[in-house]
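Derivation of every value follows stated rules applied to the coordinates shown; laboratory data play no part. Being a predicted model, the structure only gives us computed values, none of them experimental. Cβ: placed from backbone, ideal geometry, glycine included. Neighbour counts: every protein chain shown.
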Amino acid sequence: MTIKKIVYLFIAMASAAMISVACSKEKKIGTDDVFGQWKLEDVSAISTKGETYGITVYLEFTSPDRFDIWQQLQEGRYRHYNGTWSLEKSVLSGYYADGKPWGSFYNAKISDGKLQLKTSNGEVTTYVKTTIPEDVKSGAQEGAEVKSLL
């Protein structure tokens, strides 16, 4: 192999390595990424292969720091909760309207159009972008005691 071929091979390998590193970096998540309506797709602690075992959750992040959550456990009515949220360096946290903090802070990332929230103990909840059905919003009962998945 000539020196010229070795140099070209080295440049090609270095370029491929740089491209793979650049492509593998996760996108830094910002508040604009979180805004919108989401539906629970998976909860790593209780589900397998996308089964949520009767738990349906819709989540809406609105600007600049407000959230609404509608959740249905098993076959009961949807319960509605709301409060405030913040995102700092990909860490999502918040408080319910009654002042209680969420059960955890979450390391948030967007991957393949899905919002993944990971707790410090490794539990991951995955949400997909959606439009929250109007009957979910209008038929929800205001949650008195917070028993939320956030």
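What to note about this one:
- Distance between the 7 Å Cα→Cβ label points at S104 and S120: 1.1 nm.
- Members of K28/K118; K28/K100; K100/K129; K39/K89; K109/K137; K39/K100 lying beyond 18 Å, as alpha-carbon distances in this model show: K28/K100; K100/K129; K39/K89; K109/K137; K39/K100
- Measuring r between the beta carbons of K137 and T31 and using R0 = 25 Å, the FRET efficiency lands at 0.65.
- Here the gap between T130 and T62, fully extended at 0.36 nm per residue and compared with their Cα-Cα distance, gives a gain of 23.1 nm.
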